[in-house]
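Novice: I'd like to ask some things about the structure below.
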Amino acid sequence: MSSLFPTYQRWEVSAKSGKGTMLIDTNGKEYLDFVGGIAVCNLGHCHPNVVDALTNQAQSLWHVSNLFQIEGQEQAATVLAEQSSGDYVFFCNSGTEANEAAIKLARKFTGKNHIISLANSFHGRTLGSMAATGQAKIHEGYGTMLSSFTYADLNDIESIKEQISQETAAIMIEVVQGEGGVRVMEAEFASQLQELCEQHELLLIVDEVQTGIGRTGKAFGYENLGLSPDIITVAKGLGNGFPVGAMIGKEHLKSAFQPGSHGSTFGGNPLAMAVVNAVLETIFDESFLKQVEEKGNSFQTYLKQSLGELPIVKDIRGLGLLVGIECHEPVADLITKAREQGLLVLPVGPNVIRLLPPLVVTDEELQQAAKILAQVVGSKTAAI
Ligand SMILES: *Cc1c(COP(=O)(O)O)cnc(C)c1O
């Protein structure tokens, strides 16, 4: 009997340790971990740079309030600002909190309430981010949502135009809808979106919680589409497993947040910032990011070669190392079978297998994963 609220349907696996792509359970079984704590462990498990940064910092200082100067926070903010279209950073502890900060900043700066987000989006579980999320199943049972969100359709610019009014403050998007089924934004839609934002003076908020910090082969996913967001949110890969999030905003938004406007007790504490600086130093490196892009391309090629022709497979798509295999049938049993074969992968929606290898994955590991998936998905094809 568990004393936990059953908010997760847990697998029959108890993880004991990890190293790079490999996860080892309490029975000593080894897995290729293509879940990575759901897009969190971008540098794999226990990357030495991150372990060193954390343990060194833990010996000297864990936490002080944001009433103090925090050198590590200044350093991380400088890097995030340099690498993004934004200029100022607010640190918090999770993706949903980063989005709350974004929603609050957009409302405060514009003095308007309405934000357009997209159907099938995912922005988090707190009341504001949940309302921003365009999925009825996330809202179910929680009563009245914050009524200032409406949901347009991905890759349908007309559906956005129809929802713009005098009360619209911002448009909030993901460049790849991770939780929404690995749906990639089209370049043409992205450039039309950017144009619309400029034309109507709307803020463009890009939720990079899943796509940011190198996942797509760029520091931030929006770079693939040539966007220049006013507000960017990150979390997941930012701490490689240490809970931390950030909201990055353009210069002109700075004055909307003053002392007392927003805050977080833990946000950006020295322990978190030591980890973040180690992560950013390792990932925001041109040759590292180039390799991620190449690995992403090879992985999609391997998958298309070994699974592309199977009748059950509908589509293989993604950006960098965020990849989805959409099937014509539910994939729950395939996820379990892959796990039995030593490959950890995630379902998203009923029909999509989502693959999130660490960015440090080797070519051999990508080939091995494609081979296991071909066997597992192929066996189902044979049965129908
Ligand atoms: C995971 C996720 C979130 C929520 O992050 P938490 O840290 O779980 O609050 C928000 N947006 C996107 C795009 C995500 O993938």
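The values are calculated or read from the model by the stated rules, or taken from the named source; none is laboratory data. Here the structure is a predicted model, which is why all the values come from computation and not from measurement. Here the Cβ positions follow ideal geometry from the backbone for every residue, glycine too, while neighbour counts run over all protein chains shown.
Novice: Would a scan of the stretch 250-268 turn up a residue that is among the acidic types (Asp, Glu) and either within 15 Å of the ligand (Cβ to nearest atom) or not in a loop (DSSP other than H, G, I, E, B) (or both)?
Specialist: Yes: one or more hits.
Novice: If you check residue 119 against the conditions, is it in contact with a helix residue (DSSP H, G or I) (Cβ under 9 Å, 6 or more places away or on another chain) and among the hydrophobic types (A, V, I, L, M, F, W, C)?
Specialist: yes
Novice: Shifting gears a bit: Take the stretch 216-245 and flag every residue that is among the basic types (Lys, Arg) and farther than 23 Å from residue 170 by Cβ.
Specialist: Answer for the stretch 216-245, where residues must be among the basic types (Lys, Arg) and farther than 23 Å from residue 170 by Cβ: there is none.
Novice: Still on this structure, please answer the following. Just the residues that are more than 16 Å from the ligand (Cβ to nearest atom) and surrounded by 14 or more Cβ atoms within 10 Å (Cβ to Cβ), please, taken from the stretch 117-145.
Specialist: Hit for the stretch 117-145 is 145, nothing else.
Novice: Is the stretch 185-199 home to any residue that is among the aromatic types (Phe, Trp, Tyr), in contact (Cβ under 8 Å) with a residue 60 or more places away in the chain and in a helix (DSSP H, G or I)? Explain how you work it out, then say what you get.
Specialist: Restricting attention to the stretch 185-199, the residues satisfying the condition of being among the aromatic types (Phe, Trp, Tyr) are 189.
Of the ones still in play, those that are also in contact (Cβ under 8 Å) with a residue 60 or more places away in the chain are none.
Scanning the stretch 185-199 turns up no residue that is among the aromatic types (Phe, Trp, Tyr), in contact (Cβ under 8 Å) with a residue 60 or more places away in the chain and in a helix (DSSP H, G or I).
Novice: Turning to a different aspect of this structure: Could you grab me the full set of residues in the stretch 30-86 that are within 30 Å of residue 364 (Cα to Cα) and either of a type in the set (A, V, I, L, M) or modelled with pLDDT under 95 (or both)?
Specialist: Across the stretch 30-86, the qualifying residues are 32, 35, 38, 39, 40, 43, 50, 51, 53, 54.
Novice: Now, a different point. Considering the stretch 222-238 alone, what residues qualify as being more than 10 Å from the ligand (Cβ to nearest atom) and either part of a loop (DSSP other than H, G, I, E, B) or in contact with a Gly (Cβ under 6 Å, 6 or more places away or on another chain) (or both)?
Specialist: Correct list: 226, 227, 228, 229, 230, 231, 232.
Novice: Collect the residues in the stretch 199-217 that are in contact with a strand residue (DSSP E or B) (Cβ under 9 Å, 6 or more places away or on another chain) and more than 16 Å from the ligand (Cβ to nearest atom), keeping them in residue-number order.
Specialist: Across the stretch 199-217, the qualifying residues are 200, 202, 203, 217.
Novice: What's the number of the condition residue 17 fails, among (1) assigned to a strand (DSSP E or B); (2) among the hydroxyl-bearing types (Ser, Thr, Tyr); (3) over 30 Å from residue 367 (Cα atoms)?
Specialist: Status for residue 17: all satisfied but (3).
Novice: Let me ask something else about it. Just to be sure, is residue 186 more than 22 Å from the chain's Cα centre (by Cα), surrounded by fewer than 21 Cβ atoms within 10 Å (Cβ to Cβ) and assigned by TED's automatic domain parsing to the domain that holds residue 107? Spell out how you get there, then give the answer.
Specialist: Values: more than 22 Å from the chain's Cα centre (by Cα): no; surrounded by fewer than 21 Cβ atoms within 10 Å (Cβ to Cβ): yes; assigned by TED's automatic domain parsing to the domain that holds residue 107: yes.
The answer is no for residue 186.
Novice: Moving on to the next point. Six or more apart or on different chains, Cβ under 9 Å: which pairs go from a residue in the stretch 86-103 that's not assigned by TED's automatic domain parsing to the domain that holds residue 205 to one that's within 13 Å of the ligand (Cβ to nearest atom) and in a strand (DSSP E or B)? Could you list them?
Specialist: none
Condition check ((1) surrounded by 22 or more Cβ atoms within 10 Å (Cβ to Cβ); (2) over 21 Å from residue 135 (Cα atoms)) across all residues:
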position	(1), (2)
181	no, no
198	no, yes
209	yes, no
221	yes, yes
229	yes, yes
243	no, yes
251	no, yes
255	no, yes
266	no, yes
